[in-house]
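Just below is one structure, and these are the notes that go with it.
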Amino acid sequence: MSKKFIIVDAHEDIAFHLNHFKRSFINPEVPCMITLPGLKEGNVKLVFNTIFVPPKQKPKNTLKSAMEQLATYEKLYRDYEQDIYCVTKPGDIENLDDNPRIGFLTLMEGADPIEEPGELNMFFDKGVRVIGLSWNDRNRYASGNNTEDGLSEMGSELIKRMNDLGVTLDLSHLNERCFWDSIELTELTPIATHSNARALTDHPRNLKDEQLKAIAERGGVVGIVLYNPFLKTAENKPTLEDVYAHADYMIGLLGEDHVGIGSDMDGARIEDFPDELRSVADLPRIGEFFINKGYSENRARKIMSGNFLRVMRKNLRA
Ligand SMILES: [Zn+2]
């Protein structure tokens, strides 16, 4: 059954982990959740590969770190040309079922490396097609959920430039003020790549019902994130049952066209994820679990890939 679904994973910090932890993309010597063999085994056909500059590197090495991560991806595209390719246009994500390769769609998690909005073009030329304005902290554009400020003038300017180029806005990590300020300004279909339902797990990284509805009303998608603290607040370790609970809650609220998967695997330690999910190779188990819970194959397919594909085909420019 695992080959039944192709998978779109809307959040993987691949370059950060290869560079920072010196992990191997091919032969992991340390416990590692994302590898090329794992992506293949899991039938993952599209990942949103991030540029993530950790707080310790900011501000001194922000740009340097981002450029290194972009270079890491460029090297992966060269070294594994038979297996991976860079996605920039809607045509790049057509017929993924028959595509032997894995698409990488670059997501900048925190716009800190863009020193002023005019620099967006340079990153666009290097493949960036989705941007979350901030991580949990504050930058020149916006504020994450550890802070309370709203969107800055530069933040508005950056969103306008994203509209012009066709760069999708990722609303995960923004605090509530910035969420509302920025969703009003984006002209593209908005997404939240890795956030769960706050009604089930009261964590500031999760989204309240009104926020979830605002994304769905605009045709967007919210990626269920598999990191334990966002799945469950209780002491007990979350399981696939909790992944299902978040998906089912959102489907009850929004319908089945607005939920996807943004694993954030390798964004923490292996033990910070449900036991059933040890690597990206296990992602199909989520779709299988949904079907065992009574979801139709069609619904499961939408969650595992179709919904994010719909939005990105619409947002990317030919
Ligand atoms: Zn994140």
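No value in this document is a laboratory result; all are computed from the given coordinates. Because the structure is predicted, anything quoted here is derived from the model rather than measured. No Cβ is skipped: glycine too gets one built from the backbone with ideal geometry, and neighbour counts run over all protein chains shown.
Here are a few things to note about the model shown:
- Kyte-Doolittle mean at least -1.0, axial Cα span of 27 Å or more - DSSP H helices of the chain: none
- Kirkwood Rh, angstrom, segment 203-290 [1 / mean 1/r, Cα pairs]: 13.4 Å
- Max mean-square fluctuation residue, GNM over the chain, Cα-Cα springs under 10 Å, options Leu46, Leu231, Leu120: Leu120
- Note on segment 151-256: along the principal axes its Cα atoms extend 44, 26, 20 Å, ordered by decreasing extent.
- Listed cross-link partners Lys89/Lys232; Lys89/Lys237; Lys22/Lys126; Lys58/Lys314; Lys40/Lys75 are compared with a 30 Å cut-off, the Cα-Cα value being larger for Lys89/Lys232; Lys89/Lys237; Lys58/Lys314.
- Paramagnetic reach from Asp164 in segment 100-138 [backbone N under 16 Å; point 7 Å along Cα→Cβ]: 115-125
- Peptides 204-215, 185-196 ordered by packing proxy, namely the average of other Cβ atoms within 10 Å per residue, highest first: 185-196, 204-215.
- Cα-centre dipole for the chain with unit charges at Cβ (Lys and Arg positive, Asp and Glu negative), debye to 20: 420 debye
- Selection among Leu165, Gln82, Val44 by position relative to the dipole of the chain gives Gln82 as farthest towards the positive end (Cβ unit charges, Cα centre).
- Pairs of Cα atoms nearer than 8 Å and 6+ residues apart set the relative contact order; for the chain it is 21 percent.
- Comparing Gly150, Asn175, Asn121 along the charge dipole axis of the chain, the residue lying farthest to the positive side is Asn121, per the Cβ-charge model.
- Extension gain (nm, one decimal) between Glu276 and Asp209, 0.36 nm per residue minus Cα-Cα: 21.3 nm
- Net charge of the neighbourhood of Gly223, taken over other residues with C-beta under 14 Å away and scored Lys/Arg +1, Asp/Glu -1, is -4.
- When the helices of the chain are scored as -39500 (n - 2.57) per DSSP H run of n ≥ 4 and the total is divided over every residue, the value at 222 nm lands at -10000 deg cm²/dmol.
- Just so you know, the Cα atoms of segment 1-94 work out to an Rg and Dmax of 14.2, 48 Å.
- Stretchable slack from Asp97 to Ala71, in nm (0.36 nm times residue separation minus alpha-carbon distance): 6.5 nm
- Quarter of the Cα convex hull surface for segment 242-281, i.e. its orientation-mean projected area (nm²): 3.2 nm²
- Label-point gap, in nm, between Asn136 and Asn61 - each point 7 angstrom along Cα→Cβ: 2.0 nm
- Percent of Cα pairs in the chain per distance bin of 20 Å, from zero to the largest separation: 36, 61, 3.
- When only alpha carbons are used to place a centre, segment 241-313 and segment 49-64 end up 29 Å from one another.
- R0 of 30 Å, Cβ-Cβ distance Glu119-Glu217: FRET efficiency to nearest 0.05: 0.40
- Within the listed set Glu271, Glu184, Glu235, the Gaussian network model of the chain (springs between alpha-carbon atoms below 10 Å) gives the highest mean-square fluctuation for Glu235.
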